[in-house]
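J.: Below is one structure. I have some questions about it.
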Amino acid sequence: YEIYLNGMTGAVPRLPTDLTRLEELTEQRLGPGPVGYVAGSAGDGSTARANRDALRRRRIVPRILREVHERDLSVEVLGRALPAPLALAPVGVLSIVHPDAECAAARAAAAQGVPYILSSASSTPMEQVAEAMGDAERWFQLYWPKDPEVARSFLNRAKAAGFSALVVTLDTPMLGWRPRDLDRAYLPFLHGVGTANYFSDPAFRAGLAKPVQEDPNAAVMHFVGMFADPAKTWPDLAFLREHWDGPIVLKGILHPDDARAAADAGMDGVVVSNHGGRQVAGAIGAADALPRVVEAVGDRLTVLFDSGIRTGDDIFKALALGAQAVLVGRPYAYGLGLDGQAGVEHVIRCLLAEFDLTLALSGHATPATIGPADLIEESA
Ligand code: FNR
């Protein structure tokens, strides 16, 4: 309605309302480097395409003549009331696309009431992002540092800065084979290395022979060695349970047995995700993994979903497959690159408005009534 009313005065939206067009527009305005970082996926891009295909293949079966006049998009996730089943996914090094980086994205999330998940690899220290958000809902994403002192320090800082849930990303014990980054020798990273949380960390700094300013190269190498730990296995999760007393969600789950192991390890939830197709080339489309995970642990864990969400109907489909809420990554990174905080708010508002319409036009007044019977799957 707002767009329609503004249109009567000749004003049209500053950014496209079809969010799938944002990548091309960002490439035109910001050039191939920043877009290569955001759009880049593993291998030949087959996993990122599988994410879209897995959602596209599922089709909504709308219902009619049901009471949809007043709708309520709110859901409860991890014991928190959220205004809608949407959160901003952790995206590292946002200074590559905009100088206001994570603070602008976090402010946009706060303004629209959706949780912001701050990446460990942010270009802004977590305390600064927290300050930009006031008391709005924020979760901290952990790339689990190799040094337990640094890991403990991150958890303490995140708790002190008001991050309520911990999202532990486990599909990235090392970076995937991403040709668009490799071909540019990770050049964009030089403009905004995601080291802010590390360089600002007392435990991290204690591990350096010389202060960061005196030997920045050694500090970056220390970060690279610290960033993630391919030696971690299931029993290590006890460390997190011991040092974090809020909800813990494991991100990057695709196999139902891993979901069961997460539940057995006392975790609170999982994010079914293939990291937006950036890690394993040739992996299963995330929406194809979702129903199997829900069947395995839907009654024991909170199941969230990401990888490939671009539209309101995608959100509807993920919920119909059993997710309680979805995260969105690339679209808001493009929104940020194109128009800072306002661009991220545009993306959130478009997604929620389109989800609201899809809900109503499919015969639902709340997310709670969406179920498997609202979808059919076309043959591949
Ligand atoms: C990511 N993702 C990510 N995940 C994470 O846990 N920590 C991180 O620092 C990052 N960084 C990151 C950077 C960029 C540029 C992208 C595109 C993605 C993955 C992210 O949280 C999410 O899983 C995907 O982005 C979801 O897929 P879509 O929405 O981008 O298709």
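Values in this text are rule-based calculations from the coordinates and carry no lab data. Remember, it's a predicted structure, so these values are computed and weren't measured experimentally. Because the Cβ atoms are built from the backbone with ideal geometry, glycine has one as well, and the counts that use them run over all protein chains shown.
J.: So what's segment 241-380 giving for Rg/Rh, alpha carbon basis, Kirkwood Rh from the mean inverse pair distance?
T.: Details: Rg = 15.8 Å, Rh = 16.0 Å.
Ratio of gyration radius to Kirkwood radius for segment 241-380: 0.99.
J.: In addition: What is the percent of Cα-Cα separations in segment 11-162 that go past 23 Å?
T.: 54 percent
J.: Taking the Cα centroid of segment 50-70 and of segment 1-30, what is the distance between the two, rounded to the nearest whole Å?
T.: Taking the Cα centre of each part, segment 50-70 and segment 1-30 sit 24 Å apart.
J.: In whole Å, what is the distance between the alpha-carbon centres of segment 131-201 and segment 257-283?
T.: About 18 Å separates the Cα centre of segment 131-201 from the one of segment 257-283.
J.: Name the shape class, rounded, prolate or oblate, that the alpha-carbon gyration tensor gives for segment 206-254, where a ≥ b ≥ c are the square roots of its eigenvalues, rounded holds for a/c under 1.5, and otherwise prolate holds if a/b is larger than b/c and oblate otherwise.
T.: It comes out prolate by the Cα gyration axes.
J.: Further, regarding this structure: What is the order of 102, 137, fewest Cβ neighbours within 10 Å to most?
T.: With the sparsest Cβ surroundings first, the list reads 137, 102.
J.: For residue 69 and residue 220, what does the FRET efficiency come to when R0 = 51 Å and r is the distance between their Cβ atoms, rounded to the nearest 0.05? Present the calculation step by step, with values, prior to reporting the outcome.
T.: Values: r = 57 Å, r/R0 = 1.12.
FRET efficiency, residue 69 to residue 220: 0.35.
J.: Here's something else I'd like to know. Quote the Stokes-Einstein diffusion coefficient, in whole µm² s⁻¹, for segment 41-126, based on the Kirkwood radius over alpha carbon pairs, a temperature of 10 °C and a viscosity of 1.306 mPa s.
T.: Details: Rh = 16.3 Å.
Value of D from the Cα-based Kirkwood radius: 98 µm²/s.
J.: Show me, for segment 131-136, the HN-Hα J-couplings you get by feeding each phi into the Karplus relation (A = 6.51, B = -1.76, C = 1.60, θ = phi - 60°), rounded to Hz, glycine and proline as x.
T.: Listing the rounded values in order: 4, 5, 9, x, 9, 5 Hz.
J.: What ranking of 255, 275 emerges when the number of other C-beta atoms within 10 Å of each C-beta is taken as an exposure proxy, fewest first?
T.: On the way: 255 14, 275 25.
In increasing order of surrounding Cβ atoms, one gets 255, 275.
J.: Could you work out [θ]222 nm for the chain from helices alone, using -39500 (n - 2.57) per DSSP H run of at least four and dividing by all its residues? Round to the nearest 500 deg cm²/dmol.
T.: It comes out at -12500 deg cm²/dmol, rounded to the nearest 500.
J.: Based on the alpha carbons, how large is the Rg to Rh ratio for the chain when Rh follows Kirkwood?
T.: On the way: Rg = 20.2 Å, Rh = 21.1 Å.
Rounded to two decimals, Rg over Rh is 0.96.
J.: GNM on the chain, C-alpha springs below 10 Å: top fluctuator among 164, 122, 273?
T.: Greatest mean-square fluctuation among the candidates belongs to 164.
J.: Still on this structure, please answer the following. Of 342, 7, 65, which is farthest towards the positive pole of the chain's charge dipole, taken about the Cα centre with +1 and -1 on the beta-carbons of Lys, Arg and Asp, Glu respectively?
T.: It is 7.
J.: For residue 378 paired with residue 3, estimate the spin-label separation in nm (one decimal), with each label point 7 Å from Cα along the Cα-to-Cβ line.
T.: Those two pseudo-labels are separated by 2.3 nm.
J.: Hey, got the Cα dimensions of segment 95-167 along the principal axes, in Å, largest first?
T.: 35, 26, 17
J.: Rule-of-thumb check for segment 160-296: C-alpha Rg over 2.2 N^0.38 Å? Let's see the in-between values first.
T.: Working: Rg = 17.4 Å, N = 137, 2.2 N^0.38 = 14.3 Å.
Against the empirical 2.2 N^0.38 Å value, I get 1.22 for segment 160-296.
J.: Can I ask one more? For a quick size check, give me the Cα extents of segment 231-279 along its three principal axes, largest first, whole Å.
T.: In descending order, the Cα extents are 32, 23, 18 Å.
J.: Let me see the pair-distance distribution of segment 317-365: every alpha carbon pair, 10 Å bin width, integer percents in order.
T.: 24, 44, 26, 5
J.: Still on this structure: Computed FRET efficiency, Cβ-Cβ of residue 185 and residue 28, R0 25 Å: what is it to the nearest 0.05?
T.: On the way: r = 24 Å, r/R0 = 0.94.
So the FRET efficiency works out to roughly 0.60.
J.: Beyond 20 Å, what share of the Cα-Cα pairs of segment 132-222 remains, rounded to the nearest whole percent? Before the final figure, lay out each step's value.
T.: Values: 2003 of 4095 pairs.
Cα-Cα pairs in segment 132-222 separated by more than 20 Å: 49 percent.
J.: Can I ask one more? For the chain, what is the relative contact order in percent, using Cα pairs closer than 8 Å and at least 6 residues apart in sequence? The partial results should precede the final answer.
T.: Details: 756 pairs, mean separation 103.0, N = 380.
About 27 percent, as a whole number.
J.: Cα-based Rg (one decimal) and Dmax (whole number) for segment 291-374, in Å?
T.: Computed over the Cα atoms of segment 291-374, radius of gyration and Dmax are 13.9, 41 Å.
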